[in-house]
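Student: Let me begin by handing over the structure; questions about it come next.
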Ligand code: ACO
């Protein structure tokens, strides 16, 4: 069997950090409320003119360096993003040009916060079937560009950033399985109701900002994540005790803790970055992964469960031997 193994990871956060105290000066909120309800203390904000592909490019360079792979060796670049630079070309094409990897396939995947898991799954399939040997997978977002800064129920939650992983074909080990799901019937609970064909602006009652019924999303997310982590373990005949690390989507510390409890995992085995990054959507899982790899917590040979839930709704997991 051919596996897709993570050969290297990288990530990038914009320089500017916005603290809860900064936000409390502009909307009616408090550091205490945000920390208690979400676990977030700060988030990073892209500079004026800094785009998703700028963040993605930085993360990609670091992942390629860590993997010891040159950009022109890549067969494919996949970017999970909901905030592409342009309608087209895709962010993946923009990154490809910057990397000098002309000739490789390049595509974006839009699955909101599950974007990296969806992109990882596509890459895994291409490698496993033998059509690609080296694939760059990126999750990158400038979500703060679609935030209504007067809406305290959403503006405190999100941040910008990018994370990347280089996958290579390996005969020994790597991604064991990925599991993807969606439920498009719940779109009004978490969406940005504006776009090319539906129209921008007042026509659709929105200026293109994120709308979320947080409470409903919370309940749905916990349930969906419970089932997807069980599914991943069952599919591989593994038990909760086999897991070394949970690398969850970083939306809310309470959701992360609920999943850890479900898996009987101590929070020492859970990678948490939501406190410093906020919810960076498709970037959150690869940012967390890279943080844990670079700090030496995640080690080669360990069993990792990655999971995410987001707009769509979409959700998914990946079980892998790092
Ligand atoms: N500061 C102070 N008070 C606030 C704030 C704020 N920033 N935001 C809301 N409140 C108030 C509300 O108005 C409400 O007041 P009321 O009781 O007088 O009406 C009260 O706090 C409680 O609000 P809830 O929405 O019930 O708070 P909850 O505990 O559910 O936390 C949160 C809200 C953090 C949004 C939570 O529901 C959550 O994390 N939901 C899931 C988000 C998620 O996972 N999204 C998926 C990924 S995102 C993507 O795909 C793009």
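Student: Go through region 218-239 and count every residue that is free of Cβ contacts under 8 Å to residues at least 60 places away in the same chain and part of a helix (DSSP H, G or I). Break it down stepwise before answering.
Tutor: So the first thing to find is which residues in region 218-239 are free of Cβ contacts under 8 Å to residues at least 60 places away in the same chain, and the list is 218-219, 222-223, 226-227, 230, 234, 237, 239.
Subset that is part of a helix (DSSP H, G or I): 218-219, 222-223, 226-227, 230, 234.
So the count comes out to 8.
Conditions tested, residue by residue: (1) without any contact (Cβ under 8 Å) to a residue 12 or more places away in the chain; (2) over 25 Å from residue 31 (Cα atoms); (3) touching a helix residue (DSSP H, G or I) at 6+ places or on another chain (Cβ under 6 Å).
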residue	(1), (2), (3)
171	no, yes, no
177	no, yes, yes
183	no, yes, no
199	yes, yes, no
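Student: Evaluate the following for residue 208: is it assigned to a loop (DSSP other than H, G, I, E, B), more than 13 Å from the ligand (Cβ to nearest atom), within 22 Å of residue 307 (Cα to Cα) and not assigned by TED's automatic domain parsing to the domain that holds residue 33?
Tutor: Values: assigned to a loop (DSSP other than H, G, I, E, B): yes; more than 13 Å from the ligand (Cβ to nearest atom): yes; within 22 Å of residue 307 (Cα to Cα): no; not assigned by TED's automatic domain parsing to the domain that holds residue 33: yes.
So residue 208 does not fit the description; no.
Student: For region 1-59, enumerate the residues that are free of Cβ contacts under 8 Å to residues at least 40 places away in the same chain, closer than 30 Å to residue 76 by Cβ and assigned to a helix (DSSP H, G or I).
Tutor: 54, the sole residue that qualifies.
Student: Got a sec? Which of 308, 282, 258 is more than 25 Å from residue 91 (Cα to Cα) and touching a helix residue (DSSP H, G or I) at 6+ places or on another chain (Cβ under 7 Å)?
Tutor: Values: 308 fails: more than 25 Å from residue 91 (Cα to Cα); 282 fails: more than 25 Å from residue 91 (Cα to Cα).
From the options 308, 282, 258, the qualifying one is 258.
Student: In contact with a helix residue (DSSP H, G or I) (Cβ under 7 Å, 6 or more places away or on another chain) and closer than 27 Å to residue 162 by Cα: which single residue out of 268, 264, 244 fits that description? It would help to see each step written out before you state the result.
Tutor: Values: 268 fails: in contact with a helix residue (DSSP H, G or I) (Cβ under 7 Å, 6 or more places away or on another chain); 264 fails: closer than 27 Å to residue 162 by Cα.
Going through 268, 264, 244 in turn, just one is in contact with a helix residue (DSSP H, G or I) (Cβ under 7 Å, 6 or more places away or on another chain) and closer than 27 Å to residue 162 by Cα: 244.
Student: For region 133-143, state whether one or more residues are outside the structural domain of residue 282 (by TED's automatic domain parsing) and more than 23 Å from residue 293 (Cβ to Cβ).
Tutor: The initial filter retains those residues of region 133-143 that are outside the structural domain of residue 282 (by TED's automatic domain parsing), namely 133-143.
Next, from what is left, pick out any that are more than 23 Å from residue 293 (Cβ to Cβ): 142-143.
There is at least one residue in region 133-143 that is outside the structural domain of residue 282 (by TED's automatic domain parsing) and more than 23 Å from residue 293 (Cβ to Cβ).
The values are calculated or read from the model by the stated rules, or taken from the named source; none is laboratory data. Because the structure is predicted, anything quoted here is derived from the model rather than measured. Here the Cβ is made from the backbone with ideal geometry for all residues, glycine too, and neighbour counts use every protein chain on show.
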